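Working notes, structure below.
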Amino acid sequence: MKRYLLLCLILVAGMAQAQLNLRVTKGVDNPTKIAVVPFAWQGGKLSEDIAKIVGNDLEFSGQFQATSPDRMLSFPRSEAEVHYRDWKALGSEYLLIGSITEQAGRYYASYELFDVVQQKRVFAKLTVDGSSAQLRDMAHHISDKVYETITGIRGIFSTKLIYVEAFKQPQKYRLMLSDIDGFRSRMLLESRFPLLSPVWSPNGQRVAYVSFEADNKPAIYIQDIATGRRQQMTNFRGLNGAPAWSPDGQKLAMALSKDGNPEIYVMNVLTRQLTRVTNHFAIDHEPTWSADGASIFFTSDRGGKPQIYQVYLATMQQERVTFDGDYNARPRVSPDGKSLIMLNRRPGTTHHIAAQDIKSGNLRILSETNLDESPTIAPNGAMLMYATRSGGKGVLAAVSLDARVKILQPPKQGDVREPAWSPFFN
């Protein structure tokens, strides 16, 4: 919790003006209807509307439909003021009420959830507190609690997003960080050289990425998010790309061509000792770790076309794991280790995001957009985000792993690419 609050303060202190826009283009067929009543507050205008943020968060998941306050027949502030018939008449299945108080500069948001259908309180009054600058964080915390209570799945509204903004005139690249709903975007780094492949460390404190700033050649850097302090981790000739943190955060898998053609290596982050993992005349790149850290998935064209392979680190035994489609690349493993997310292309089609059950090999196409790339998975495993094209611009889109929810995030400026979803912070 301490680490989470520290990150929240850092983000609030350095917000940039630009932010991603978010709109849900497709939700589930029968979203859960929830009424989030404007929270009671006796003071002046607050900098954030907690109830509105909670409603937007839940709609962002695509699994909820929030009742508009304009349709509400009453604004209950306690259980005694809740009349279930009013909410049933609106079709609401759940009701969230709350209030905000302030004491010595600290704000306290108390909230209760009710099941309208069963006409009972779901959980007793809970309270979250913070400073004025943390009102949005408090709202996301409430959203997480409500989402998990109703769905049984941990909420992701308090997580963060790192992405790259690219501009043509003048040419520049920005490494950006924002709330997962696109608000409170903040620049971590600006460069006139390309920035690629950002990836969060497992503890959420650092980000690894590729920058071309050193003699216009690719090199891997690690940046501390709180301090901005950077370390250049590689400076080998040729390709230095695709960093991937091990689950324990002590190693980085990467693609290097220092010995000839691109191969997969593992670097100890502390000692910088390198271990070569693959040794093949084909191009091996885009490594990602299995959930247990015992193996690495990577892309290779050793079969003639890009496909995904797996190497077991204890024995260095390697095997091909994808066979559906003539192009499979950029693998990512779901948090539970059961699914492999990737770029997939079948003959006569373009690249789409797909999910393959690792055990059975069954593959499902998740996206309906074109020229998709760079998938990243939410830490609860329920959604993933990826880069695609819309209206001639690079945008971010999201889809649930059951392919039911699709969201586009059009940028206000430049192209947006290379999303990286943070881990949980507590």
_In sequence order, calculated HN-Hα J values of segment 278-283 (Karplus, 6.51, -1.76, 1.60; Hz; x Gly/Pro)_ = 10, 8, 9, 5, 7, 8
*Taking a probe of 1.4 Å, how large is the accessible area per residue of the chain, in Å²?*
44
*Step through the residues of segment 373-379 one at a time and calculate ³J(HN,Hα) from phi using the Karplus curve (6.51 cos²θ - 1.76 cosθ + 1.60, θ = phi - 60°), rounding each to whole Hz and writing x for Gly and Pro.*
7, 6, x, 9, 10, 5, x
*Determine the relative contact order of segment 341-397: mean sequence separation of Cα pairs under 8 Å and six or more apart, normalised by residue count, in whole percent.*
24
*Looking at segment 332-426, which chymotrypsin sites (Phe, Trp or Tyr not before Pro) are DSSP coil and have at most 11 other C-beta atoms within 10 Å of their C-beta?*
none
*Would you work out if segment 199-310 is rounded, prolate or oblate? Take a ≥ b ≥ c from the square roots of the eigenvalues of the alpha-carbon gyration tensor; rounded if a/c is under 1.5, else prolate when a/b is larger than b/c, oblate otherwise.*
oblate
*Pull out a ≥ b ≥ c, the square roots of the eigenvalues of the alpha-carbon gyration tensor of segment 212-266, then state rounded if a/c is under 1.5, prolate if not and a/b is larger than b/c, and oblate in the remaining case.*
oblate
*For the chain, what is the relative contact order in percent, using Cα pairs closer than 8 Å and at least 6 residues apart in sequence?*
13
_Under the rule a/c < 1.5 gives rounded, and otherwise a/b versus b/c splits prolate from oblate, where does the chain land using the Cα gyration tensor?_
prolate
_Could you sort the peptides 59-65, 199-205 by per-residue average Cβ neighbour count (10 Å cutoff), highest mean leading?_
59-65, 199-205
_segment 208-263, relative contact order [Cα under 8 Å, separation at least 6], %_ = 26
*Using modelled backbone amide H atoms (1.01 Å from N, in-plane), which distant-in-sequence or interchain residues come within less than 5 Å of Arg206's amide H?*
Ser201, Ile225
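Please figure out what share of the DSSP beta bridges in the chain is antiparallel and state it in percent, rounded to the nearest 5.
Restricted to the chain, the bridges split so that about 95 percent are antiparallel.
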*What is the packing order of peptides 124-136, 173-185, taking the mean over residues of other C-beta atoms within 10 Å and listing the highest first?*
173-185, 124-136
*So what's the back-of-envelope 222 nm ellipticity for the chain, counting only DSSP H runs of four-plus at -39500 (n - 2.57) apiece and dividing by all residues, rounded to 500?*
-3500 deg cm²/dmol
_Magnitude of the charge dipole, the chain, Cβ model with Lys/Arg +1 and Asp/Glu -1, debye to 20_ = 600
*Tell me, what ³J(HN,Hα) does each residue in segment 292-300 have, in order and in whole Hz, if you take phi through Karplus 6.51 cos²θ - 1.76 cosθ + 1.60 with θ = phi - 60° and put x for Gly and Pro?*
8, x, 8, 8, 10, 8, 7, 9, 8
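The values are calculated or read from the model by the stated rules, or taken from the named source; none is laboratory data. Keep in mind that what you see is a predicted model, and the values were worked out from it rather than measured. Note that we place each Cβ from the backbone using ideal geometry, even for glycine, and neighbour counts take in every protein chain shown. Note: accessible area is taken over every heavy atom of the protein model, side chains too, but ligands, DNA and RNA are not part of it. Shrake-Rupley method; radii C 1.70, N 1.55, O 1.52, S 1.80 Å.
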